[in-house]
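These notes concern the structure reproduced below.
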Amino acid sequence: MAPTMTLEVDIEFERSDFALRVQTAIGPETVAVVGPNGAGKSTLLRCIAGLEPEARGQIVFDGRPWLRGGVSV
C-alpha cells in the first residue's frame, strides 16, 4: 500500500489567511497539481518543500511529522 500524506495547515499572509486541507496516497506515478489562479497550488508545493512556514497545523507523511526541525536552503 502506498504511504499517505496528510496536509492540514493554516497559512497567514499579510493581506489574508489561507487554509489547506489535503490527503492523498503517494505512489510512484507522476502527479499534476492543477487549478485556477489563486487556488493554492504554489502554496501547497511550498508547504511540502518546507519553504512556507505554517501558522497552525501539520504535515504528516506515512504517520510521521514531515520536515520538523527547520529546513535550510
Which stretch or stretches of segment 11-45 have amide N atoms under 14 Å from the point lying 7 Å from Asp62's Cα along the Cα→Cβ direction? 25-28
Net charge (Lys, Arg +1; Asp, Glu -1) of residues whose beta-carbon lies under 11 Å from that of Gly40, Gly40 excluded, is +2
Where chymotrypsin sites (Phe, Trp or Tyr not before Pro) fall in DSSP loop in segment 10-73, at most 11 other Cβ within 10 Å: Phe13
I want the local charge near Pro3. Using Cβ-Cβ distances under 14 Å, sum +1 for each Lys or Arg and -1 for each Asp or Glu among the other residues. -1
Using the Karplus curve 6.51 cos²θ - 1.76 cosθ + 1.60 with θ = phi - 60°, what ³J(HN,Hα) values do you get for each residue of segment 49-62, in whole Hz, with x for Gly and Pro? 6, x, 9, 10, x, 7, 6, 8, x, 7, 10, 10, 10, 6
Sticking with the crude label model, points 7 Å out along Cα→Cβ, report the distance from Ala49 to Glu12 in nm, one decimal please. 2.4
Read through the labelled values (i) 16.6; (ii) 16.1; (iii) 13.2 and report the label of the one computed as Kirkwood radius over Cα pairs in Å from the structure. (iii)
Nearest-20 debye value, the chain charge dipole, Cβ charges on Lys, Arg, Asp, Glu: 80
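No value in this document is a laboratory result; all are computed from the given coordinates. Here the structure is a predicted model, which is why all the values come from computation and not from measurement. Note that we place each Cβ from the backbone using ideal geometry, even for glycine, and neighbour counts take in every protein chain shown.
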